[in-house]
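What follows is a short report on a single structure.
The values are calculated or read from the model by the stated rules, or taken from the named source; none is laboratory data. Because the structure is a prediction, the values reported are computed rather than measured. All Cβ positions, even for glycine, are placed from backbone atoms using ideal geometry, and neighbour counts span all protein chains on display. Quick note on the areas: whole protein, heavy atoms, side chains included, nothing else; ligands and nucleic acids left out. Shrake-Rupley method; radii C 1.70, N 1.55, O 1.52, S 1.80 Å.
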Amino acid sequence: MNAMVDASGPLSGARWPNRFRTLGTDFFTPLPPQGVPDPYWVAWSPECAELLGLAPQRPTDDATLHMLSGNALADGMAPLASVYSGHQFGVWAGQLGDGRAHWLGEMQTPSGPMEVQLKGAGLTPYSRMGDGRAVLRSSIREFLCSEAMAALGVPTTRALSITGSRLPVRREEVETAAVVTRVAPSFIRFGHFEHFAHTAEDRDALRRLTDFVIDTAYPECRDAAQPVVALLEAVTRRTAELMADWQAVGFCHGVMNTDNMSILGLTIDYGPFGFLDAFDPGHVCNHSDHQGRYAYARQPNVGFWNLHALAQALMPLIGDRDSALAALEPYRSAFPTAFLERMRAKLGLLEARDGDTALIEGLLERMARDATDYTIAFRRLARFDSGPGAANTEVRDLFLDREAFDAWAAGYAERLRAEGSVDAERAARMNLANPKFILRNHLAEVAIRDARGGDFSEVERLRTILARPFDEQAEHAAYADFPPAWANQIEVSCSS
Ligand code: AMP
Ligand code: MG
């Protein structure tokens, strides 16, 4: 392993600069990945490859396979693992860090510099009790969901590839190792700021980190009267948008610790996440979350809580509490505004009118009471007939309390008529706002089961279906169906 040979192949042309390195070694430990024995390809994302300016096809050369497994470095690569801290489940956890992630460096892409990172390629000084590894199961979940979220239009880190190995990795049982190649403009987390606010004696490191993030990711904040306050407000707004995206698409992250919050407002660190099947505001996707702290309906508040932790970390630079609180304040209106906007789109409404919130809440309450499938219900609503006396059986049948649905449907039809909505046009709009295909747990489970047996075709099939979540893809109707009975027996935990 870790042959450190120069690699050729499509990634070898990059120079691999890494602006994060300029922050200095208080921020990271330079170290090569350890790699895995006899790696093989498990998955490749043509969309992510194109984002990086690469050819969409999976490379066929061994050099790239080894590079993306941590066994070889390209010329110019100087990998590192970064240090951060964080609040886990509401409690200060102290120093954490990239326990199993190596930043390889940046590629210059059509959409700007992109950091490329390996996850699962071995121990780092921040591995604590962990083994620096990731198992095939969790790697497939991270890969598929990263790419699915991107296709859904939700800000996220991306995944280029998975490679696998026979290397045994012990979790609840013995599994095998895999390495995910992740891509993002930056992997900096709220926890990076918390680390330097809580541990460094001088404020210089915190100042350098903040300047770095402003210069590289939020240049518009540089000219503000108080750049750090402006940064906090910008992150607040992006986080509010992200929470609205998650809620609207029915995504539960599962581990919204501050070390899992991206400073860019990206979805990051896919672990025990889950999409809602039946609509349940109290749904807890992470079986290790016994208190339900990160339940679906709590996510927007947790996002706000996490922003307070970020504000606290920035306090030494901001100075006065009132300015920090003022930067957080927009969340209170930005989240509900963004959420309402998305829900209006999901209902195909073009205008904003009084009563829209009540209309949306009325639907969600009925869905919660009747455990209606969230994704299927919205998708079927596209075909809602707003004409007087229309039965709308297709969507009505999803509810147990049909009269309650009828009462809501009458209000919806009236609301549509009030803005002169044309059903066919609305249907087309709604099909672009309501995905047909999401990464339901049971779909991932089947792909994982096959992959463990050496068959990766289902991972590939799911990837291609989820790359076009709004398209009908009639041939794949089964992937848009209700979850089977065994789906609610699936347990996903922090173990990954
Ligand atoms: P997570 O809850 O997955 O975000 O992980 C929390 C912290 O534990 C992060 O700093 C991770 O890098 C680290 N970590 C998680 N799993 C492992 C592992 N298998 N080996 C080393 N570090 C890990
Ligand atoms: Mg994490």
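Figures for the structure shown
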item: Residue-span extension gain [Glu201 to Ser8] - 0.36 nm each, minus C-alpha spacing; result: 65.1 nm
item: Paramagnetic reach from Glu351 (point 7 Å along Cα→Cβ, amide N under 18 Å) across segment 400-417; result: 411-417
item: Size of electric dipole in segment 423-489: Cβ of Lys, Arg +1 and of Asp, Glu -1, about Cα centre, debye, nearest 20; result: 220 debye
item: Linear extension gain, Arg222 paired with Ala487, 0.36 nm per residue minus alpha-carbon span; result: 90.5 nm
item: Positive-end residue of Tyr296, Val228, Thr464, charge dipole of the chain with Cβ unit charges; result: Val228
item: Amide H partners (placed H, <5 Å) of Val36, local residues excluded; result: Asn2, Asn71
item: For the chain: relative contact order, % (alpha-carbon pairs under 8 angstrom, 6 or more apart); result: 14 percent
item: Only Lys, Arg (+1) and Asp, Glu (-1) charged, at Cβ; segment 3-187 dipole about Cα centre in debye; result: 340 debye
item: Long-range amide H partners of Leu96 with built H, under 5 Å; result: Tyr84, Ser85, Gly86
item: Positive-end residue, the chain charge dipole about Cα centroid, Cβ charges, pick of Phe279, Phe339, Leu266; result: Leu266
item: Loop-resident sites, segment 383-474, for trypsin sites (Lys or Arg not before Pro), counting at most 11 other Cβ within 10 Å (DSSP); result: none
item: At q = 0.06, 0.09, 0.13 Å⁻¹, base-10 log of I(q)/I(0) for the chain (Debye sum, equal scatterers on each alpha carbon); result: -0.28, -0.64, -1.27
item: Area accessible to solvent at Tyr296, 1.4 Å probe radius, in Å²; result: 10 Å²
item: Surface accessible to a 1.4 Å probe, Glu47 within the full protein complex, Å²; result: 80 Å²
item: Nearest-10 value in Å² for the accessible area of Phe482, using the 1.4 Å probe; result: 90 Å²
item: No Cys partner within the rule (Cβ under 4.7 Å), the chain; result: Cys48, Cys145, Cys221, Cys494
item: Magnitude of the charge dipole, segment 349-431, Cβ model with Lys/Arg +1 and Asp/Glu -1, debye to 20; result: 200 debye
item: Leading residue at positive end of dipole, segment 3-187 (Cβ point charges), from Ala159, Ser82, Ser186; result: Ser82
item: Length-normalised contact order for segment 3-187 - Cα pairs under 8 Å, 6+ apart - percent; result: 25 percent
item: Zone of Ala427's modelled label, taken as backbone nitrogen in segment 359-392 under 16 Å from a point 7 Å along Cα→Cβ; result: 378-388, 390-392
item: Label-point gap, in nm, between Arg396 and Glu419 - each point 7 angstrom along Cα→Cβ; result: 2.5 nm
item: Centre separation in Å (Cα based) which lies between segment 69-113 and segment 400-469; result: 34 Å
item: Three-way shape label, segment 3-187, alpha-carbon gyration tensor, a/c 1.5; result: rounded
